[in-house]
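Reading through the structure tokens given below for one structure.
The values are calculated or read from the model by the stated rules, or taken from the named source; none is laboratory data. Nothing here was measured: the structure is a model prediction, and the numbers come from that model. Here Cβ is always computed from backbone atoms with ideal geometry, including for glycine, and neighbour counts include all displayed protein chains.
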Amino acid sequence: MISKTMSRLAGNNSAIRAMFEEGNRLAALYGRENVYDFSLGNPNFPAPDAVKDAATDILETVDPMSLHGYMSNAGYDFVRKAIADNLNGRFGTDFSEKNIIMTVGAAGGLNVILKTVLDPGDEVLTFAPYFLEYGNYVSNFGGVLKAVAPNTETFQPNLDAFREMLSPSVKAVIINTPNNPTGVVYSDATLRALGDIMREKESEYGHEIYLISDEPYRELAYEGVEVPYVTKYYDNTFIGYSWSKSLSLPGERIGYVVIPSEMADFNTTFEAASIANRVLGFVNAPSLQQRIVARCLDSKTDLSGYDDNRRTLYNGLTERGFECVFPQGAFYLWMKTPVDDKEFVQAAKEYNILVVPGSSFACPGYVRIAYCVAKSTIVNSMEGFGRLAEKYGLKKV
């Protein structure tokens with residue numbers, strides 16, 4: 001018999017993935033163009049040409065024995081240095097290759113971080129609504145994830161509730177900005193206050209509380225919105241980054257972790273994280289992908305398509321009477337439901353509209369709508385959303 005933990009997970013698969021599979025089923029019945037699948041954050045825009053050019057050149061010019069061989073568990077020194085230099089130029093930081101560990105995406109990076117800092121029974125706080133896989137990642141290492149209740153006015157972190165939930169058992173705090181599922185970017189004021197609270201509690205409890213910033217959507221911010229760099233606000237901060245969204249490479253699983261030199265017991269922490277990369281079974285991040293991203297650090301996915309989708313979806317829904325958070329970043333729209341969110345999700349399926357219930361993000365009463373889709377999907381879905389609005393008595397604006 002398999003482990004009880006994995007048996008439980010197998011019987012309770014992610015609502016996001018389940019909805020994605022439902023989309024495939026409906027597409028087979030009605031045709032893909034007649035199914036409006038907003039379930040999965042899978043970029044619909046291609047990687048920049050620089051990615052293909054870099055891959056082709058690397059495969060043709062780099063010695064294959066070197067290209068496909070092992071390297072340090074932390075990754076190639078020259079790749080890590082290129083990333084550090086790029087971050088320093090953009091954010092005024094002072095990193096070197098000794099602050100960067102290449103990882104198998106941001107998810108791999110979060111597991112490396114949590115493996116490094118958690119002992120069984122340690123608590124980790126995060127802010128609802130949040131990406132529910134955080135709970136699985138924390139439990140992988142015997143930790144206990146607890147969610148801070150949301151601030152439903154702004155969806156900035158609820159810092160009053162956060163302060164009340166901090167205790168000597170809390171070892172780490174996970175934040176995600178730009179946020180999945182709300183699209184909110186955590187402000188300078190929020191991060192300053194968060195850092196102040198955590199420093200106060202570190203001093204009171206006599207041990208480190210680590211801040212883990214999950215940043216796969218960092219490059220997806222609109223209208224000049226600044227995404228503050230979190231290591232500037234709190235010394236004991238880990239950054240987990242991925243190119244899945246910024247370069248439209250979700251299947252390539254390539255990212256990195258930043259461990260600033262200001263972190264307590266930095267040398268031991270960095271060495272432990274490098275070893276965690278190995279003992280978790282990753283060994284090292286994919287060698288080809290490391291070399292590719294090192295050549296594409298100044299390349300970005302064109303945000304104009306996402307921005308157009310963002311406005312089209314928000315305007316279409318609010319005009320039909322739905323209440324939505326206007327997203328500052330990422331590629332998700334967070335919409336309040338006129339009835340129970342799970343009931344609404346089932347009703348939407350009657351019109352071949354697939355969205356994810358807010359209860360899957362520990363925040364019932366809302367749905368997440370991923371707009372990283374073809375614009376035609378948004379436009380053609382509006383008839384169904386209009387009928388849902390009529391069903392629940394919403395008034396057009």
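For this structure, a couple of remarks:
- Any hit, the range 106-115, residues being polar (S, T, N, Q), crowded, with 18+ Cβ neighbours inside 10 Å and touching a Gly at 6+ places or on another chain (Cβ under 6 Å): no
- The one condition in (1) surrounded by fewer than 20 Cβ atoms within 10 Å (Cβ to Cβ); (2) without any contact (Cβ under 8 Å) to a residue 24 or more places away in the chain that E208 fails to fulfil: (2)
- Test result for N236, within 24 Å of S139 (Cα to Cα) and free of Cβ contacts under 8 Å to residues at least 60 places away in the same chain: yes
- Strands (runs of 3 or more DSSP E) lying entirely in the range 140-240 (those with 2 or more residues that are under 24 Å from P364 (Cα atoms) and among the β-branched types (V, I, T)): 144-148, 170-176
- Where helices (runs of 4 or more DSSP H) fall entirely within the range 36-109, those with at least 1 residues that are aromatic (F, W, Y) and at pLDDT 95 or above are at 77-91.
- Condition met for N24 (under 27 Å from the mean Cα position of the chain (by Cα), not in a helix (DSSP H, G or I) and not aliphatic (A, V, I, L, M)): no
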